[in-house]
Amino acid sequence: MAEAERTQLPGYVRLSRSGELEERARRAHEVLRDCVVCPQECRVNRIEDEEGFCRTGLSPRVSSYSPHFGEESPLVGRNGSGTIFFAGCNMRCEFCQNYEISQCEVGYAVSCEDLAAIMLRLQERGCHNVNFVSPSHVVPQILRAVAFAAPRGLDIPLVYNSGGYDSVETLRLLDGIVDIYMPDAKYGRDDVALELSHAPGYTGRMHAALKEMHRQVGDLEVRDGVAVRGMIIRHLVLPGNLANSEMVMKFVAEEISRDSYVNVMAQYHPAWKASEGGRSPVLAALQRPITAREYAYAVRCAQENGLTRGFP
């Protein structure tokens with residue numbers, strides 16, 4: 001094989017051929033025995049099908065999969081991003097807009113061989129990538145599935161699309177395997193993160209996770225309009241600046257990169273428990289959409305910190 005062809009292959013293909021991918025999958029599987037896959041660190045034995053915070057035992061559950069055209073344009077390209085939505089989540093966002101999947105667990109259990117077949121099916125449909133949505137609690141199963149799929153011809157970029165509440169130790173198992181990281185940077189304060197997403201120590205965990213992701217893949221690289229490698233950061237603007245956008249943008253600019261691709265998202269609306277409100281002043285503030293002024297403030301925070309990519 002020519003050197004040019006080797007360098008164009010995704011890293012997971014090369015790791016599959018060397019046997020390293022299978023070894024990573026084996027090591028990740030063992031983490032399930034006393035589960036610390038994510039920062040919740042439940043320490044249940046998921047190999048024996050015990051369930052912790054994410055309500056997922058050994059088998060991953062898939063809610064749906066398809067070419068998706070609603071993601072960021074560098075992921076969508078012409079043929080769509082091959083999204084796989086996993087049921088369950090390692091956070092419980094009071095305002096989750098996909099609560100049927102994340103909290104009500106709408107989905108069906110699949111084997112890792114079945115998950116590999118889904119990836120290959122998405123590639124056959126022309127998708128530019130395989131996009132794992134809410135993968136933080138099923139990393140070992142994803143690694144095993146990629147180990148099945150790579151020798152069978154999977155060779156498109158893999159996208160890790162998470163809430164940003166990830167374990168650095170788990171992310172290190174993905175080094176050289178994930179091509180594109182797409183984490184949320186949800187909050188600037190831990191107290192808000194705990195009340196709204198039940199994610200203890202969110203900001204420190206998110207900061208460490210994004211630094212590790214960026215170390216692995218760097219800033220977003222786009223070729224012919226399609227992302228091939230790098231990181232996309234999402235930040236959802238919340239009413240009353242509950243997300244503390246100024247703190248998030250300062251962190252991204254100063255500790256990640258001013259060339260970061262940051263999607264400042266305006267689509268917040270009261271969903272799930274946020275539509276009920278009333279239990280606390282913070283939750284009560286979530287009972288309305290954001291205003292144009294609130295969104296403009298978040299964009300201005302990004303601009304004032306020298307960020308320019310990914311938002312209007």
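Nothing in this text is a laboratory measurement; each read-out follows from the coordinates by a stated rule. Keep in mind it's a predicted model, so treat the numbers as computed, not measured. Virtual Cβ from ideal backbone geometry, glycine too; neighbours counted across all protein chains shown.
What does the charge count around Ser167 come to, taking other residues whose C-beta lies under 10 Å from its C-beta (Lys +1, Arg +1, Asp -1, Glu -1)?
Working: positive: Arg172, Arg205; negative: Glu41, Asp166, Glu169, Glu212.
Charge balance in the 10 Å sphere: -2.
Among Tyr202, Val248, Phe311, pick out the residue whose Cα is farthest towards the positive end of the charge dipole of the chain, where Lys and Arg carry +1 and Asp and Glu carry -1 on C-beta, about the Cα centre.
Highest projection toward the positive end goes to Phe311.
Tell me, how many Å apart are the Cα centres for the range 100-150 and for the range 54-96?
Result: 9 Å between the Cα centres.
Amide H to amide H under 5 Å from Ser64: which residues, 5+ apart in sequence or cross-chain, H placed 1.01 Å off N in plane?
It is Phe85, by chain and number.
Pairs of alpha-carbon atoms within less than 8 angstrom and 6+ residues apart define the contacts here; what relative contact order does the range 3-304 have, in percent?
Numbers: 629 pairs, mean separation 48.6, N = 302.
Computed over the range 3-304, the figure is 16 percent.
Neighbour counts of other C-beta atoms within 10 Å: give me Ser63, Ser162 arranged from fewest to most. Walk me through the numbers on the way to the answer.
Numbers: Ser63 20, Ser162 27.
Exposure proxy ranking, most exposed first: Ser63, Ser162.
Below 11 angstrom from the Cβ of Gly77, what's the summed charge of the other residues (Lys, Arg +1; Asp, Glu -1)?
Values: positive: Arg78, Arg223; negative: Glu71, Glu72, Asp224.
After counting each charged neighbour, the total is -1.
Using a Gaussian network for the chain with springs between C-alpha atoms less than 10 Å apart, which of these wobbles most: Ile232, Ile290, Ile177?
It is Ile290.
Unpartnered cysteines of the chain (Cβ-Cβ under 4.7 Å counts as a partner)?
Result for the chain is Cys35, Cys38, Cys42, Cys54, Cys89, Cys104, Cys112, Cys127, Cys301, no neighbouring Cys Cβ within the cutoff.
Any idea how far the Cα center of the range 153-179 sits from the one of the range 234-312, in Å?
Computed from Cα coordinates, the inter-centre distance equals 24 Å.
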